[in-house]
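Undergrad: I'd like to ask some things about the structure below.
The values are calculated or read from the model by the stated rules, or taken from the named source; none is laboratory data. No experiment lies behind these values; they were computed from the predicted model shown. Because the Cβ atoms are built from the backbone with ideal geometry, glycine has one as well, and the counts that use them run over all protein chains shown. Side chains are part of the model used for accessible areas, which takes the heavy atoms of the whole protein and leaves out ligands, DNA and RNA. Shrake-Rupley method; radii C 1.70, N 1.55, O 1.52, S 1.80 Å.
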Amino acid sequence: MTASSFRTDAGLVVPAITTTQMREVDRIAIDELGPNLYQMMENAGGNLASLCVELLGDRWPSAPIVVLAGTGGNGGGGICAARHLANRGGNVTLVISNPSHLKGVPADQLALYRATGARVATVADLDTVDADLLVDAVLGYSLDGAPHGAAAELIRWMSRHPAPVVSLDIPSGVDSTTGVAPGAHVSATHTVTLAAPKTGLDAEAVGTLWLADIGIPREVYRRVGIELPPALFAPGYRVQLRASKT
Ligand SMILES: NC(=O)C1=CN([C@@H]2O[C@H](COP(=O)(O)OP(=O)(O)OC[C@H]3O[C@@H](n4cnc5c(N)ncnc54)[C@H](OP(=O)(O)O)[C@@H]3O)[C@@H](O)[C@H]2O)[C@H](O)CC1
Ligand SMILES: [K+]
């Protein structure tokens with residue numbers, strides 16, 4: 001299922017964009033106008049962490065949270081969220097699919113996470129780790145075919161686990177343009193998508209959909225031909241979206 005637009009509780013219509021358009025928004029932000037990737041990832045990670053705290057309610061900060069991260073920007077956003085949760089006294093364990101593949105900004109996010117002293121576990125350790133909440137930051141909009149390797153192992157582990165899952169940007173294994181899952185995929189309880197909703201987010205696997213403001217100025221979207229409602233983030237840095245049944 002794909003959606004051409006989503007709407008907010010205030011009735012604002014938010015256009016949905018394709019992965020190609022999202023990449024172009026990222027490119028213009030990073031190469032031309034800003035914010036840079038560190039700034040966007042910080043806003044993404046802090047926003048994702050705040051939803052986790054809200055979802056745990058009075059079980060925060062003692063309830064165990066497991067953040068499962070991939071090797072790209074999605075993983076980087078998850079590692080950033082893990083650091084924010086650890087900094088706030090949360091009971092966090094981070095598991096990375098292929099730690100040796102981390103480079104650039106995601107690698108810097110891991111170094112910062114390690115400075116909190118919070119736990120890092122391996123994929124092999126997973127069955128020994130308790131979790132009341134799972135954060136799915138394995139694969140984002142650069143999914144390329146059916147998940148394989150450690151990424152697929154993490155997705156399958158989350159699918160078997162009873163704890164609710166919060167997915168970053170898109171449930172891992174779901175194509176953000178088509179909403180189709182070519183192989184194993186996460187069924188999220190909540191999805192926090194970044195910057196603008198993607199056409200593939202009108203899918204059962206998404207659960208409750210939230211749009212996070214990651215600080216991108218409207219001119220960046222305009223250069224890709226996207227007009228977001230000016231009051232979109234007036235209620236806060238994260239707003240709930242529903243698929244428009246138009
Ligand atoms: N402005 C924004 O929207 C921001 C988005 N952010 C997040 O970044 C991701 C996109 O990041 P990107 O690095 O392009 O890609 P992913 O994180 O989605 O995936 C990258 C790696 O995943 C591996 N991969 C891809 N397909 C498969 C597969 N079928 N099976 C297994 N593994 C797969 C691959 O890793 P390798 O190690 O194999 O190379 C890819 O390299 C976006 O979704 C947002 O979440 C930023 O965090 C902030 C700004
Ligand atoms: K994800």
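Undergrad: Taking all protein chains in place and a 1.4 Å probe, what share, in percent, of the accessible surface of the chain do carbon and sulfur account for?
TA: Carbon and sulfur atoms account for 52 percent of the accessible area of the chain.
Undergrad: A further question on this structure: How many Å² of accessible area per residue for region 170-246, probe 1.4 Å?
TA: 40
Undergrad: Rank 92, 53, 186 by mean-square fluctuation in a GNM of the chain with C-alpha springs under 10 angstrom and give only the top-ranked residue.
TA: Maximum fluctuation in the GNM of the chain, among the listed residues, is at 53.
Undergrad: Oh, and also: Apply 1/(1 + (r/R0)^6) to the Cβ-Cβ distance of residue 4 and residue 111, taking R0 = 45 Å, and write down the FRET efficiency to the nearest 0.05.
TA: Computed FRET efficiency for residue 4 and residue 111: 0.65.
Undergrad: What FRET efficiency comes out for residue 156 versus residue 39 if R0 is 35 angstrom and r is the Cβ-Cβ distance? Round to the nearest 0.05.
TA: The formula returns an efficiency of 0.55 here.
Undergrad: Can I ask one more? Pick out which of 140, 215, 225 has the largest mean-square fluctuation in a Gaussian network model of the chain, springs linking Cα atoms closer than 10 Å.
TA: 225
Undergrad: Just tell me, in residue order, which DSSP H segments of the chain are both 20 angstrom or longer along the helix axis (alpha-carbon based) and at least 0.5 in mean Kyte-Doolittle hydropathy.
TA: Going by DSSP H runs, the hits are 37-56.
Undergrad: While we're looking at this one, here's another question. Compute the signed sum of charges (Lys and Arg +1, Asp and Glu -1) over the other residues within less than 11 Å, Cβ to Cβ, of residue 44.
TA: Here the charged neighbours net out to -2.
Undergrad: While we're here: Considering the zone a paramagnetic label at residue 87 would reach in this model (a point 7 Å from Cα along the Cα-to-Cβ line), which residues of region 34-75 have amide N under 16 Å from it?
TA: 38-53
Undergrad: So, one more: At 7 Å along the Cα-to-beta-carbon direction for both residue 129 and residue 231, put a label point, then send me their distance in nm to one decimal.
TA: Between residue 129 and residue 231, the simple spin-label model gives 4.2 nm.
Undergrad: Pull out a ≥ b ≥ c, the square roots of the eigenvalues of the alpha-carbon gyration tensor of region 139-188, then state rounded if a/c is under 1.5, prolate if not and a/b is larger than b/c, and oblate in the remaining case.
TA: It comes out oblate by the Cα gyration axes.
Undergrad: Order the following by accessible area, largest value first: 210, 157. Probe radius 1.4 Å; ligands, DNA and RNA are ignored.
TA: 210, 157
Undergrad: Something else: About its Cα centre, how strong a charge dipole does the chain have in debye, to the nearest 20, once Lys and Arg get +1 and Asp and Glu get -1 at the Cβ?
TA: Computed charge dipole of the chain: roughly 160 debye.
Undergrad: Between 236, 200, 73, which gets the highest mean-square fluctuation from a Gaussian network model of the chain, Cα cutoff 10 Å?
TA: Most flexible of the set in this elastic network: 236.
Undergrad: Work out the charge dipole of the chain with +1 on the Cβ of Lys and Arg and -1 on the Cβ of Asp and Glu about the Cα centre, then indicate which of 182, 105, 70 is farthest towards its positive end.
TA: Of the candidates, 105 comes out farthest on the positive side.
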